[in-house]
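Student: First the structure, then my questions, so here it is.
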Amino acid sequence: MKIIEKKCPNCHANLEFDVGEQNVKCPSCRRAFAIEYEKDFVDPEVQLKAKDIQLKMLDDITKARSFGKVFFVFVIAFAAIIIGLTVFLAINGYQDYKDTKDEIETSRQRALEEAEEFKERQKASEEEFESRRKASEEEFESRQKASEEKQKQMQEEAEKAIREQANK
Ligand SMILES: [Zn+2]
């Protein structure tokens, strides 16, 4: 509130404010003047109310901002969870895919090894069969030869006996 010094329009003495009458009086000529409020004068009560409204608005803005912050944090946390979950599922899926692939590769390798083993066993059994066949063939031949020799010997002995009989 600005204070302006006023002088009496009648006697030019300095006017004084009368608190009881709520007006201005001239101490010299005793004339009283009513106080006319300026157009832009604002009642202190209204000012206080305006201040209250302003404070409430500020409070509302602060609350809105803090809600905004909380909401922002919530959105960020939610996004982080979604991203984390997606990454987790992707890694898990890839791991499963890898595991399955590894399993398939392992069983394929095992099947190949088994086939190889089977081939080796078959080859070994063929070789054994061949060696037995050869052995039995050789034995047969040697027996045949022995029997032929024995027959020849018996024949010679028989001829010798006949000759000895004839000489007697
Ligand atoms: Zn006066």
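Student: Looking at region 129-168, what % of the alpha carbon pairs are farther apart than 16 Å?
Tutor: 56
Student: Determine, from the Cβ-Cβ distance of GLU21 and ILE53 and an R0 of 41 Å, the FRET efficiency 1/(1 + (r/R0)^6), rounded to the nearest 0.05.
Tutor: Once the sixth-power term is evaluated, E becomes 0.75.
Student: Given the options CYS11, PHE118, LEU48, identify the residue whose Cα lies farthest towards the positive end of the charge dipole of the chain (+1 on Cβ of Lys, Arg; -1 on Cβ of Asp, Glu).
Tutor: In the chain, that residue is CYS11.
Student: Given points 7 Å out from each Cα along the Cα-Cβ axis, report the GLU117 to TYR94 separation in nanometres with one decimal.
Tutor: 3.6
Student: For region 1-149, what percent of Cα pairs sit more than 25 Å apart? All intermediate terms of the calculation are to be shown ahead of the outcome.
Tutor: Values: 8414 of 11026 pairs.
Every Cα pair in region 1-149 considered, those over 25 Å come to 76 percent.
Student: While we're here: Connecting C-alpha atoms closer than 10 Å in a GNM of the chain, tell me which of LYS123, LYS152, LYS56 has the biggest fluctuation.
Tutor: LYS152
Student: To the nearest 10 degrees, how steep is helix 44-167 against the longest Cα principal axis of the chain, on a 0 to 90 scale?
Tutor: The angle comes out near 0 degrees.
Student: Taking the Cα centroid of region 118-168 and of region 59-91, what is the distance between the two, rounded to the nearest whole Å?
Tutor: Spelled out, the Cα-based centre of one part sits 100 Å from the other.
Student: Here is a further query. Let me spell out the model: positive unit charges on the Cβ of Lys and Arg, negative unit charges on the Cβ of Asp and Glu, origin at the Cα centre of the chain. What dipole size does that give, in debye rounded to 20?
Tutor: The calculation lands at about 1600 debye.
Student: Using a 10 Å cut-off on Cβ atoms, rank the peptides 13-19, 89-95 from the highest mean neighbour count down.
Tutor: Highest to lowest by the protection proxy: 13-19, 89-95.
Student: Quick one: which of 78-84, 6-12 comes out on top by average Cβ neighbours within 10 Å, and what's the full order, highest first?
Tutor: Top to bottom by mean Cβ count within 10 Å: 6-12, 78-84.
Student: With the radius of gyration and the Kirkwood radius both derived from the Cα set of region 88-168, what is their ratio Rg to Rh?
Tutor: Ratio of gyration radius to Kirkwood radius for region 88-168: 1.79.
Each value in this text was obtained by applying a stated rule to the coordinates, not by laboratory testing. These numbers were taken from a predicted model, which means no experiment stands behind them. Methodologically, a virtual Cβ is constructed for each residue, glycine included, from the backbone with ideal geometry; neighbour enumeration extends over all protein chains shown.
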